[in-house]
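Only one structure is covered here, and it is reproduced in the block below.
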Amino acid sequence: MNGALAKLGYRLAKKDGAGGFNLYNPDYLSKMCTPKTVIDVGVGYGTHSLYEAFPAAHFVLVEPVEEYRNAIAKILAKYEGTVHYKAAGQENKIIELDVDLDALQLSSHFERSELTMRDHRIEKRMIEMTTLDDLLGPPEMLERPLVLKIDTEGNELNVLKGASQLLESTDFVIAEASIAKRFENCYEFDELMTFMAEKGFRLFSILAIGHSAKEIRPRFADVVFAKCTD
């Protein structure tokens, strides 16, 4: 059901499941800035709150899973932009991607931990990975303000490490950040915070928290980093 709802920009959750709040909506996002360029890494069926918040922006969509082609075609029929069917990461190479055939949005470059392991059908595919710096070219060619959104199921820090040049011209970064151990050999939350601080960003906002009522620790949070100006 979540796979079908994701196509419309929604997600189903148990009433006593996820707690907290959700600011990941067009009204809130539109107050952050008015970007001319939005880079969406890990598109899936679409980050519709992002598109609705910034309808006049140029969207650069980056997605490695071929099954999303029809959904992405519909996005680009409505919004101005381009798409790259590749994975983004820290280096240029061929990687093995675990494509979750029962829940495409859970496809990942990393093996799932015991916490998030599911009895799903997994298809292993060899795909091309590239850095955002190499994929997008000189950052001065992209109009600012620039918003970079990353949701790559555990690969967020590696995507950022491959975007050092791009981050110099980026004003806001929205990332799904792991808190609990969702994947094996994945980053810790404090590693992400430290990396972003070193790149001149500060934590600006928390949009949403993924927190199961059965667990004491949140699994992830959608966080916003802003370029430091002082």
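Tabulated results
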item: V38 vs. criteria in a loop (DSSP other than H, G, I, E, B), modelled with pLDDT of 95 or more and surrounded by 14 or more Cβ atoms within 10 Å (Cβ to Cβ); result: no
item: Failed criterion for F201 (all others in (1) without any contact (Cβ under 8 Å) to a residue 60 or more places away in the chain; (2) in contact with a strand residue (DSSP E or B) (Cβ under 6 Å, 6 or more places away or on another chain); (3) more than 16 Å from P35 (Cβ to Cβ); (4) not acidic (D, E) hold); result: (3)
item: Complete set of residues in segment 51-93 that are closer than 23 Å to S164 by Cβ, within 16 Å of the chain's Cα centre (by Cα) and outside any strand (DSSP E or B); result: E63, P64, K86, G89, Q90
item: When residues of segment 154-182 are limited to those that are part of a loop (DSSP other than H, G, I, E, B), modelled with pLDDT of 95 or more and among the polar types (S, T, N, Q), the one nearest to the chain's Cα centre (by Cα); result: T170
item: Residue ID - nearest to L50 (Cα to Cα), chosen from residues in segment 197-230 that are of a type in the set (A, V, I, L, M) and modelled with pLDDT under 85; result: A213
item: Unmet criterion (only one of (1) surrounded by 20 or more Cβ atoms within 10 Å (Cβ to Cβ); (2) touching a Lys or Arg at 6+ places or on another chain (Cβ under 7 Å)) for L101; result: (1)
item: Conditions (1) modelled with pLDDT under 90; (2) closer than 26 Å to I179 by Cα; (3) not in a loop (DSSP other than H, G, I, E, B); number of the one not met by E96; result: (1)
item: Odd one out for T194, checked against (1) among the polar types (S, T, N, Q); (2) at pLDDT below 95; (3) more than 21 Å from H109 (Cβ to Cβ); result: (2)
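The values are calculated or read from the model by the stated rules, or taken from the named source; none is laboratory data. In this text the structure is predicted, and so the values were computed from the model without any measurement. Backbone-built Cβ (ideal geometry, glycine too); neighbour counts: all protein chains shown.
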